[in-house]
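To start, the structure under review is shown below, and the notes come after it.
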Amino acid sequence: MYYIKFLVIYVTMEKALTSFLLTSLLLHYVMASSAMTKTNITTDQLALSSLKSQIASDPFHFLDESWSFATSICHWVGVTCGSRHQRVNSLNLSNMALTGKIPRDLGNLTFLVSLDLGSNNFHGNLPQEMAHLRQLKFLDLSFNSFRGRFLLGLGFYTNFKF
Ligand SMILES: *[C@@H]1O[C@H](CO)[C@@H](O)[C@H](O)[C@H]1NC(C)=O
Ligand SMILES: *[C@@H]1O[C@H](CO)[C@@H](O)[C@H](O)[C@H]1NC(C)=O
Ligand SMILES: *[C@@H]1O[C@H](CO)[C@@H](O)[C@H](O)[C@H]1NC(C)=O
């Protein structure tokens, strides 16, 4: 009798554990997919347009024609999208003689793995929002005129130049 009771309790507990695991798995999945539906390529498009609006001078017209809503941002000069999720994973505007500031919205490019803004004339503070770029592995900001110490708070980069 005791043995059977124990068995019943055991089976009940196991069921509870299984359903607990299933619930957390489901919750995890729902949370992950809602995070994914919250942002999409439109988010990246808005972030890049915001960057473009902060560029005061583009003497060689690198962005003037290419960065237009007539084409997908994945075809914009310096932009590369991931083949799987079609989100911006690399931005390379190095050596384009651009003058401007980095908008906070750049931190919305959450799929960004590589950011190369080297050898331009970007200035001002780097926005704190860049700390949202959790996927970032490569960052080159060298030969610009940035101010501020925000980067000390970050530790994700495996490769960076300032
Ligand atoms: C991106 O999401 C917004 C709002 O969630 C939606 O209005 C828009 O149509 C979506 N864009 C694409 C390209 O899926
Ligand atoms: C970037 O994300 C912030 C916070 O989620 C939001 O308020 C802002 O509108 C976004 N910017 C763009 C250009 O989508
Ligand atoms: C960015 O583009 C320049 C010029 O094409 C190239 O030399 C540099 O290696 C690129 N940066 C990255 C991170 O790929």
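Values in this text are rule-based calculations from the coordinates and carry no lab data. Since the structure is predicted, the reported quantities are computational estimates derived from the model, not experimental observations. Glycine gets a Cβ as well: all are built from the backbone with ideal geometry, and neighbour counts include every protein chain shown.
Exposure proxy ranking for ARG104, ARG147, based on other Cβ atoms within 10 angstrom of each Cβ and starting from the fewest, stands as ARG147, ARG104. Could I have the simple spin-label model distance between SER142 and LEU46, label points 7 Å from Cα toward Cβ, reported in nm to one decimal? Placing both labels 7 Å along Cα→Cβ, they lie 3.5 nm apart.
Around the amide H of ASP116, modelled in the peptide plane, lie the amide H atoms of LEU91, ASN92, LEU93, ASP140, all under 5 Å away and 5 or more residues distant in sequence or on another chain. Stretched out straight at 0.36 nm per residue, the stretch from THR99 to SER53 would grow longer than its current Cα-Cα span by 15.4 nm.
Per-residue Karplus couplings for the stretch 39-51, computed as 6.51 cos²θ - 1.76 cosθ + 1.60 with θ equal to phi - 60°, are listed in order as 10, 8, 5, 4, 4, 5, 4, 5, 5, 5, 5, 5, 4 Hz, Gly and Pro entered as x.
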